[in-house]
Amino acid sequence: MSDLILLTRETQIADRKVGRLAYGCWRFAGSDLAAAQAKVEAALSIGANVLDTAAIYGFGAEGFGDAEARLGDLFASQPGLRDQVAVVTKGGIVPPEPYDSRAASLIESAENSLRRLRSEQVELFLIHRPDNLAHPAEMAEALTELRDSGKIAEAGVSNFSPAQLSALQAHLDFPLAATQPEISLSRTEPLFDGVLDQAMELGVLPMAWSPLGGGALMTGSGPICTALDRIAGENGADRGAVALAWLLAHPAGIMPIIGSQNPDRIRAAGAAFDLKMTRRDWYALLEASLGHKMP
Ligand SMILES: NC(=O)c1ccc[n+]([C@@H]2O[C@H](COP(=O)([O-])OP(=O)(O)OC[C@H]3O[C@@H](n4cnc5c(N)ncnc54)[C@H](OP(=O)(O)O)[C@@H]3O)[C@@H](O)[C@H]2O)c1
């Protein structure tokens, strides 16, 4: 039996077939329209046609909502682009509170996002972070109203524990479609804390934020980077492709969200699908991350 891990290239969000990589707009601030277009075109060239954004993206660098507005400007300037992509956005972070996931707040957030994105619907709307002061029934009320009115096609959560996701799911009469934790070789907790097990149990799409550890896996050194470099060298690829392939190989169907603002680096991520990674390689990377051999 072959020891090679085969990677699939497609998955589904709402009724759309999409690529298994997403492109993230967190660091979009400062892009002019031409730069934003170059990044999105680079993402589309490798099949990364899921665009991940949030109401809060831009806050601090430009302004609240600015990353969504930039994407909306791009959709307006490129007729046809909106239909080629699935848009994921998030609400519930409201500076300086810091969170507000009460029903009215989530509904208002999603409606404002749609205006900025110049879209009638987003394919997926996520509650960005758990709000300790919002009862899951309130969040469920908002998600249900947004879905019933067609403003969102699917709903999900981000940075929720399995128990928090279950509590919300218990108040919904439709299934949550996605969860978005931080997952990478420098943050492997979701492999062990039930997040990925729950995703497989319920058929929820896990999206991995900061899949390169926010860049640390590319620029750092130490055992994880040494293991990445060995496999990269054997494949004529770069560390990033190996780190992304490691996520893509997990049976939960993880969708890594590319965060680079450099079109060449975005395109380079596509090499992840061509990598020849064995089961032994996969575990060698996990062992390097954990700092010990598997028992
Ligand atoms: N749900 C949440 O709470 C949450 C939180 C954070 C992020 N996210 C999502 O996840 C997406 C990705 O997060 P992320 O940006 O942290 O992802 P990441 O891919 O882990 O990190 C991106 C960073 O790595 C750097 N990098 C990439 N390739 C490099 C290379 N070859 N050499 C040196 N540096 C390199 C990039 O710099 P360059 O731009 O210069 O290439 C960028 O600063 C975000 O855009 C957002 O959509 C979600």
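The values are calculated or read from the model by the stated rules, or taken from the named source; none is laboratory data. This one's a predicted model, so the numbers in the text were calculated from it and none came from an experiment. Cβ sites come from the backbone with ideal geometry, for glycine too, and all protein chains shown count toward neighbours. These area figures cover heavy atoms from the full protein model, side chains too; ligands, DNA and RNA do not enter into them. Shrake-Rupley method; radii C 1.70, N 1.55, O 1.52, S 1.80 Å.
Okay, here's what the table says:
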{"item": "Which listed residue, of Leu244, Leu212, Leu217, is within 15 Å of the chain's Cα centre (by Cα), open to solvent by less than 20 Å² (accessible area, probe 1.4 Å) and of a type in the set (A, V, I, L, M, F, W, C)", "result": "Leu244"}
{"item": "Residue in the stretch 41-86 that is nearest to the ligand (Cβ to nearest atom), counting only those that are in contact with a strand residue (DSSP E or B) (Cβ under 7 Å, 6 or more places away or on another chain) and either closer than 16 Å to Arg118 by Cβ or in a helix (DSSP H, G or I) (or both)", "result": "Thr53"}
{"item": "Count - residues of the stretch 221-240 that are over 16 Å from Ser260 (Cβ atoms) and open to solvent by 20 Å² or more (accessible area, probe 1.4 Å)", "result": "11"}
{"item": "Qualifying residue in the stretch 132-151 (condition: free of Cβ contacts under 8 Å to residues at least 24 places away in the same chain, more than 16 Å from the ligand (Cβ to nearest atom) and hydroxyl-bearing (Ser, Thr, Tyr))", "result": "yes"}
{"item": "Cβ-Cβ under 7 Å pairs, at least 6 apart or on other chains, the stretch 22-33 side among the acidic types (Asp, Glu), far side not in a loop (DSSP other than H, G, I, E, B)", "result": "none"}
{"item": "Odd one out for Lys90, checked against (1) among the basic types (Lys, Arg); (2) over 30 Å from Ala288 (Cα atoms); (3) outside any strand (DSSP E or B)", "result": "(3)"}
{"item": "Yes/no for Ala38 being touching a helix residue (DSSP H, G or I) at 6+ places or on another chain (Cβ under 8 Å), within 12 Å of the ligand (Cβ to nearest atom) and at pLDDT 95 or above", "result": "no"}
{"item": "Per-region count, the stretch 169-214, residues more than 28 Å from Ala153 (Cα to Cα), within 15 Å of the ligand (Cβ to nearest atom) and free of Cβ contacts under 8 Å to residues at least 40 places away in the same chain", "result": "3"}
